[in-house]
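Scroll down for the structure; my scribbles are underneath it.
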Amino acid sequence: MTTNLQSSTTQTEVRTGRWAALTVLLVGQFMALLDVTIVNVAMPTIRTDLHASGATLQLVVSMYTISYAMLLITGARLGDLFGRRRTFLIGVSVFTASSLLCGLAPDAVTLIAARFTQGLGA
């Protein structure tokens, strides 16, 4: 009887852990995609506050997309090599730190570099 109870409890914990992991991954993916939308909405303010030209605004958007696409497959391989959890946590940390840097960027060049780094983390 004890074995069946322990087995049932373990299976429930595994299912709960899998759902929790899926939820965390989906929230991370949502953050990465939401960031593109947020920047598009903030374009007029970025143009005004940082005195950015149209070309600069295109770089702000495209640097994130380029670095995100560049490391998408590579990030999966890094997860295989160094562990998925570790790779995910490093990516979230880089994304969060560079998001802070984006918010504090004093000029357009810093914002472009921070957006590139943010895409790497995403």
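Rule-based calculations on the coordinates, nothing more; no lab input. Since we're looking at a predicted model, the values are computed, not measured. Cβ placement follows ideal geometry from the backbone for every residue including glycine, while neighbour counts extend to all protein chains displayed.
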Where only alpha carbons of the stretch 11-60 are counted, the Rg and the Dmax (Å): 18.3, 57
Please give the peptides 87-94, 32-39 ranked by average Cβ packing (other Cβ atoms within 10 Å per residue), highest first, as a rough proxy for protection. 87-94, 32-39
Evaluate E = 1/(1 + (r/R0)^6) for residue 90 and residue 58, where r is the Cβ-Cβ distance and R0 equals 30 Å; express this FRET efficiency to the nearest 0.05. 0.55
Starting from the 7 Å offset along Cα-to-Cβ, what nm value, one decimal, do you get for the label separation of residue 110 and residue 48? 2.1 nm
Taking K and R as +1 and D and E as -1, what net charge do the other residues with C-beta under 14 Å from the C-beta of residue 63 add up to? 0
How far apart, in nanometres, would the label points at residue 72 and residue 21 be if each is projected 7 angstrom from Cα along the Cα-to-Cβ direction? 2.3 nm
For the chain, what size does the Cα cloud have along each of its three principal axes, sorted from largest down, in whole Å? 72, 27, 19
Starting from the Cα-Cα distance between residue 81 and residue 13, subtract it from 0.36 nm times their residue separation and give me the gain in nm to one decimal. 21.8 nm
